[in-house]
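Right, one structure below, let's go through it.
The values are calculated or read from the model by the stated rules, or taken from the named source; none is laboratory data. Everything numeric in this text was worked out from a predicted model, so none of it was measured. For neighbour counting, all protein chains shown are included, and Cβ atoms are generated from backbone atoms with ideal geometry for every residue, glycine included. SASA here: full protein model, heavy atoms, side chains in, ligands and nucleic acids out. Shrake-Rupley method; radii C 1.70, N 1.55, O 1.52, S 1.80 Å.
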Amino acid sequence: TSQTRVRTASTHITILRRQIRDTLAALETMSPTTGTSRTNSPVISEHFRSISQRYPIVQFYVRSRDLVAFVHDRGDTELRLFPHGREQVTQAMRQWRFLLESQLLNSRAERDWTLGIERGIWTDLGSWLWSSLGLRSDADKVLVLAEGELAGIPWHALIVDGSPLVEKLDIILAPSVRHHLQAF
């Protein structure tokens with residue numbers, strides 16, 4: 001009985017994930033002027049499945065105060081929720097922009113000091129945001145689809161396990177899977 005409930009819950013979660021993925025795929029192809037979809041969602045869903053067989057896709061969305069990430073990998077999709085994540089990203093980006101602007105006026109010693117603060121920002125974001133995605137360790141390439149504040153993050157600079165992501169992964173940034181496909 002408990003195994004049956006677990007299987008039933010797992011089946012419902014799988015169906016819900018597919019519905020969410022299909023809905024997001026339809027939204028991605030929607031025309032902003034007419035409000036209609038130009039490409040059917042099964043085609044976009046197939047693109048997600050196809051690309052994620054080669055390398056993971058992290059699809060970020062900003063929703064009011066929260067961040068939502070869909071991690072597409074090897075044809076499966078997992079949802080990651082970051083409660084109040086929008087505020088955290090906004091704060092980190094403000095701090096970083098302040099450091100960049102102050103660099104112009106700082107002496108060499110002060111610039112070295114601010115580099116340490118900047119490294120702390122990227123370490124915090126790498127630990128909190130990137131590590132929480134649960135990407136497989138053997139991935140050498142990741143497609144990041146980010147919107148809002150997330151689009152301004154220098155993803156390559158995030159520090160995970162002591163080193164910048166650029167040293168571990170080839171990160172491809174695109175506004176949508178459609179744009180990514182058109183670029184290749």
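Within the bounds of the range 67-81, is there any residue that is of a type outside the set (D, E, K, R), within 24 Å of the chain's Cα centre (by Cα) and open to solvent by 60 Å² or more (accessible area, probe 1.4 Å)? Steps first, please.
As a first pass, look at the range 67-81 and keep what is of a type outside the set (D, E, K, R): 67-72, 75, 77, 79, 81.
Next cut, within 24 Å of the chain's Cα centre (by Cα) only: 67-72, 75, 77, 79, 81.
Now restrict to residues that are open to solvent by 60 Å² or more (accessible area, probe 1.4 Å): 79, 81.
Within the range 67-81 (the criterion being of a type outside the set (D, E, K, R), within 24 Å of the chain's Cα centre (by Cα) and open to solvent by 60 Å² or more (accessible area, probe 1.4 Å)), the answer is yes, since at least one residue qualifies.
Restricting attention to the range 48-66, and to residues there that are small (Gly, Ala, Ser) and open to solvent by 10 Å² or more (accessible area, probe 1.4 Å), which single residue is farthest from Ser137 (Cα to Cα)? Break it down into steps so the answer makes sense when it comes.
Within the range 48-66, the subset small (Gly, Ala, Ser) is 50, 52, 64.
So of that shortlist, the ones also open to solvent by 10 Å² or more (accessible area, probe 1.4 Å) come out as 50, 64.
Numbers: Ser50: 20, Ser64: 31 Å.
The residue in question is Ser64.
Taking the conditions exactly as written (modelled with pLDDT of 90 or more, open to solvent by 20 Å² or more (accessible area, probe 1.4 Å) and charged (D, E, K, R)), does Glu149 satisfy them or not?
No.
Run Ile117 past the list (1) open to solvent by 30 Å² or more (accessible area, probe 1.4 Å); (2) of a type in the set (A, V, I, L, M, F, W, C); (3) touching a Lys or Arg at 6+ places or on another chain (Cβ under 8 Å) and report the number of the one that doesn't hold.
It is condition (3) that Ile117 fails.
Restricting to the range 153-184, give me the number of residues that are open to solvent by less than 20 Å² (accessible area, probe 1.4 Å) and touching a residue at least 60 places away in the same chain (Cβ under 8 Å).
Step one: list which residues in the range 153-184 are open to solvent by less than 20 Å² (accessible area, probe 1.4 Å), which gives 153, 155, 158-160, 165, 171, 174, 176-177, 180.
Remaining after also requiring touching a residue at least 60 places away in the same chain (Cβ under 8 Å): 153, 176-177, 180.
Residues that pass the stated criteria total 4.
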